[in-house]
Amino acid sequence: QVQLVESGGGLVQPGGSLRLSCAASGITSSIYVMGWYRQAPGKQRELVARIWGGGSADYADSVKGRFTIFRDNAKKTVNLQMNSLKPLDTAVYYCSTTYLGTIYWGQGTQVTVSS
């Protein structure tokens, strides 16, 4: 059974930084894509960033230049370094992976940017 466990959320002031981590288990072959999504209150879940096995990545326009996604294929982890955080980044952040054609989600971790 595939499981994704996130960590690293919390409360940070505007302009601050946080790093989110996600560890995948139950996967026995190469993961195709791993990513981070977020959902703010009253809004739909949206893509933040995703990264493929070869290391190529894409980002939402709203986070380009501030967030960096990186992965460790051997450890089956994906991380999201978030810098210059803004109040609009406040949301529940979800780790996701697509494995053998099925999308899996983590339980989510809250990120709150507030002074």
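The values are calculated or read from the model by the stated rules, or taken from the named source; none is laboratory data. As the structure is a prediction and not an experimental result, all values here were calculated from the model. Heads up, the Cβs are rebuilt from the backbone with ideal geometry, glycines too, and the neighbour counts pull from every protein chain shown. Note: accessible area is taken over every heavy atom of the protein model, side chains too, but ligands, DNA and RNA are not part of it. Shrake-Rupley method; radii C 1.70, N 1.55, O 1.52, S 1.80 Å.
The residue list GLY55, GLY42 contains one member that is open to solvent by 30 Å² or more (accessible area, probe 1.4 Å) and over 24 Å from VAL2 (Cα atoms), which is GLY42. There is no residue in the range 60-67 that is in contact (Cβ under 8 Å) with a residue 12 or more places away in the chain, under 17 Å from TYR104 (Cβ atoms) and either in a strand (DSSP E or B) or open to solvent by less than 40 Å² (accessible area, probe 1.4 Å) (or both).
Residues in the range 83-113 that are open to solvent by less than 40 Å² (accessible area, probe 1.4 Å), under 18 Å from SER62 (Cβ atoms), part of a strand (DSSP E or B) and not small (Gly, Ala, Ser): VAL92, TYR93, TYR94, VAL111, VAL113.
Under the condition of being among the charged types (D, E, K, R) and either surrounded by 14 or more Cβ atoms within 10 Å (Cβ to Cβ) or touching a Pro at 6+ places or on another chain (Cβ under 7 Å) (or both), which residue from the range 70-81 is nearest to GLN44 (Cα to Cα)?
Start the filter on the range 70-81 by keeping residues that are among the charged types (D, E, K, R), which leaves 71-72, 75-76.
So of that shortlist, the ones also either surrounded by 14 or more Cβ atoms within 10 Å (Cβ to Cβ) or touching a Pro at 6+ places or on another chain (Cβ under 7 Å) (or both) come out as 71, 76.
Details: ARG71: 25, LYS76: 27 Å.
Of everything passing the filter in the range 70-81, ARG71 is nearest to GLN44 (Cα to Cα).
Exactly one residue out of SER114, SER84 is touching a Pro at 6+ places or on another chain (Cβ under 8 Å) and over 30 Å from GLN1 (Cα atoms), and it is SER114. Taking every residue in the range 8-31 that is of a type in the set (Val, Ile, Thr) and pairing it with any residue that is modelled with pLDDT of 95 or more and open to solvent by less than 20 Å² (accessible area, probe 1.4 Å), at least 6 positions away or on another chain, the pairs with Cβ-Cβ distances below 6 Å are VAL12/LEU85; VAL12/VAL113.
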